[in-house]
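Asks: I'd like to ask you about the structure that follows.
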Amino acid sequence: MLVVTRKTEESVIIADNIEITVLEVAKDRVKLGISAPKDVKIIRNELLHAQETNVDSSKAVSKDAIDALLTFKKEP
């Protein structure tokens, strides 16, 4: 892991086409701006983890349970 120290409005460049700029530092938060081509996927780590968890959870549901939910009808 590369660790760098940056001040507000300073940035780092990754692979010639991704720029990460420190926009604001306040208490326990840092606000970053990321400039990258549209084809570069940028996602927060906790969202990526949640997506992976959801995929794993959906694989754990049986086909019978899904069929039962799809055919379930509310009584009038």
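The values are calculated or read from the model by the stated rules, or taken from the named source; none is laboratory data. Keep in mind it's a predicted model, so treat the numbers as computed, not measured. Note that we place each Cβ from the backbone using ideal geometry, even for glycine, and neighbour counts take in every protein chain shown.
Asks: Do any residues in segment 28-50 that are under 13 Å from residue 14 (Cβ atoms) have Cβ atoms under 6 Å from those of residues that are of a type outside the set (S, T, N, Q) and assigned to a strand (DSSP E or B), where the two are at least six apart or on different chains, and which pairs are they?
Replies: 32/20; 34/20; 35/19; 36/18; 42/34
Asks: Return yes when residue 19 is of a type in the set (D, E, K, R), surrounded by 10 or more Cβ atoms within 10 Å (Cβ to Cβ), without any contact (Cβ under 8 Å) to a residue 60 or more places away in the chain and at positive phi and no when it is not.
Replies: Values: of a type in the set (D, E, K, R): yes; surrounded by 10 or more Cβ atoms within 10 Å (Cβ to Cβ): yes; without any contact (Cβ under 8 Å) to a residue 60 or more places away in the chain: yes; at positive phi: no.
For residue 19, the condition - of a type in the set (D, E, K, R), surrounded by 10 or more Cβ atoms within 10 Å (Cβ to Cβ), without any contact (Cβ under 8 Å) to a residue 60 or more places away in the chain and at positive phi - is not met.
Asks: Further question on the same structure: Check segment 34-55 and report whether any residue there is of a type outside the set (Ser, Thr, Tyr) and over 22 Å from the mean Cα position of the chain (by Cα).
Replies: No, segment 34-55 contains no residue that is of a type outside the set (Ser, Thr, Tyr) and over 22 Å from the mean Cα position of the chain (by Cα).
Asks: Another question, then. Scan segment 23-31 and tell me whether some residue there is surrounded by 10 or more Cβ atoms within 10 Å (Cβ to Cβ) and of a type in the set (Lys, Arg).
Replies: Yes.
Asks: Do we find that residue 39 is exposed (fewer than 10 other Cβ atoms within 10 Å of the Cβ), out of contact with any helix residue (DSSP H, G or I) (no Cβ under 8 Å at 6 or more places or on another chain) and either at pLDDT 95 or above or hydroxyl-bearing (Ser, Thr, Tyr) (or both) in this structure? Show your work before the answer.
Replies: Working: exposed (fewer than 10 other Cβ atoms within 10 Å of the Cβ): yes; out of contact with any helix residue (DSSP H, G or I) (no Cβ under 8 Å at 6 or more places or on another chain): yes; either at pLDDT 95 or above or hydroxyl-bearing (Ser, Thr, Tyr) (or both): yes.
Spelling it out, residue 39 is indeed exposed (fewer than 10 other Cβ atoms within 10 Å of the Cβ), out of contact with any helix residue (DSSP H, G or I) (no Cβ under 8 Å at 6 or more places or on another chain) and either at pLDDT 95 or above or hydroxyl-bearing (Ser, Thr, Tyr) (or both).
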